[in-house]
1. Using helices alone, what [θ] at 222 nm do you get for the chain, with -39,500 (n - 2.57) per DSSP H run of 4 or more residues, divided over all residues and rounded to the nearest 500?
2. For region 113-129 and region 170-191, write down the distance between their C-alpha centroids in whole Å.
3. Using the C-alpha gyration tensor of region 107-159, what are the square roots of 5 times its eigenvalues, in whole angstrom, with the largest one first?
4. Mind checking which of Pro150, Pro172, Pro198 has the largest fluctuation in a GNM of the chain, springs on alpha carbons under 10 Å?
5. Can you work out ³J(HN,Hα) from phi for every residue in region 186-195, in order, using Karplus 6.51 cos²θ - 1.76 cosθ + 1.60 and θ = phi - 60°, giving whole Hz and x for Gly and Pro?
6. Relative to 2.2 N^0.38 Å, what does the C-alpha radius of gyration of region 187-245 come to as a ratio? Two decimals please.
7. Reported to two decimal places, what Rg/Rh ratio describes region 1-63 when computed on Cα atoms with Rh from the Kirkwood expression?
8. With both partners inside region 7-234, how many of the DSSP beta bridges are antiparallel, as a percent to the nearest 5?
Amino acid sequence: MTTDTSIARLYLMQLSTTTVPLPGGRTLEMVLVCYLIETNEGKRILIDSGYPADVPRRADGPPSLNQKNVLEHLAELRLSPDDINMVIATHFDVDHAGYHDSFKKAEFVVQREHYELARAGHPRFAAARGHWDHPDLRYRLVDGDFEILPGLTLLETSGHARGHQSLLLRLPNTGPVLLAIDAVILERLFTIERKGSPMDDNEDQLLASTRKLLELVQRERVQLIVFGHDGSQWANLKKAPAFYD
Ligand SMILES: [Zn+2]
């Protein structure tokens, strides 16, 4: 990829929807998602790959609807797994890394701290390990914030997990876009008053990462913030096969 590379398109891929019951009769719409970026030179970058087909969902959990896996989404765009040049792994939770081993032509990019934690056998990342820790996959390990391509920056956002990463990208018409991933899973949590959840590894780091992203949104004049699992927000976003440019 040359110095003339720029980011041309962002596709939001909604993989499934779940209505989670809350106390008091309320509900929360949660989505599982992944993303595809295309450069002006036709390179394709996948961000995460979704929940694996071979790991059962919790039998006592609410059903997941509207299921379409990453391969089906790509096929709808007339793409095969070998058309993906790079996969950015935000972290190895089961709902984010379940199809990594489908992309054997791609270079995988992950934060070194996260890769080493997961490879050392942390039980949290075991469920999809057969998919992300596959001998055919080539990993490139990065440390901290890093502009991986012109207009595409990895942001180290530990807290949900050590070495979790979010992304900032610059689109020609939309402008700067922040993909918060699981640093901020719901729009209402994008505040310095937030708390962590039992799914988060370290609340202090989570708050520091939230503050970092809030400051970045101001500084970079971010035009669109996409939250990691927010079904209410995603209902109003443009989703694949439509795209942001
Ligand atoms: Zn997640």
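The values are calculated or read from the model by the stated rules, or taken from the named source; none is laboratory data. Nothing here was measured: the structure is a model prediction, and the numbers come from that model. Heads up, the Cβs are rebuilt from the backbone with ideal geometry, glycines too, and the neighbour counts pull from every protein chain shown. Only protein heavy atoms, including side chains, enter the accessible area calculation; ligands, DNA and RNA are left aside. Shrake-Rupley method; radii C 1.70, N 1.55, O 1.52, S 1.80 Å.
1. Details: 5 runs with 40 residues, N = 245.
Per the formula, -4500 deg cm²/dmol.
2. 26 Å
3. Details: eigenvalues 94, 39, 14 Å².
Those come to 22, 14, 8 Å.
4. Pro198
5. After applying 6.51 cos²θ - 1.76 cosθ + 1.60, I find 10, 4, 5, 8, 8, 8, 6, 7, 5, 10 Hz.
6. Details: Rg = 13.4 Å, N = 59, 2.2 N^0.38 = 10.4 Å.
Region 187-245 yields a ratio of 1.29.
7. On the way: Rg = 17.3 Å, Rh = 14.6 Å.
Radius of gyration over Kirkwood radius for region 1-63 works out to 1.19.
8. On the way: 33 of 48 bridges.
Close to 70 percent.
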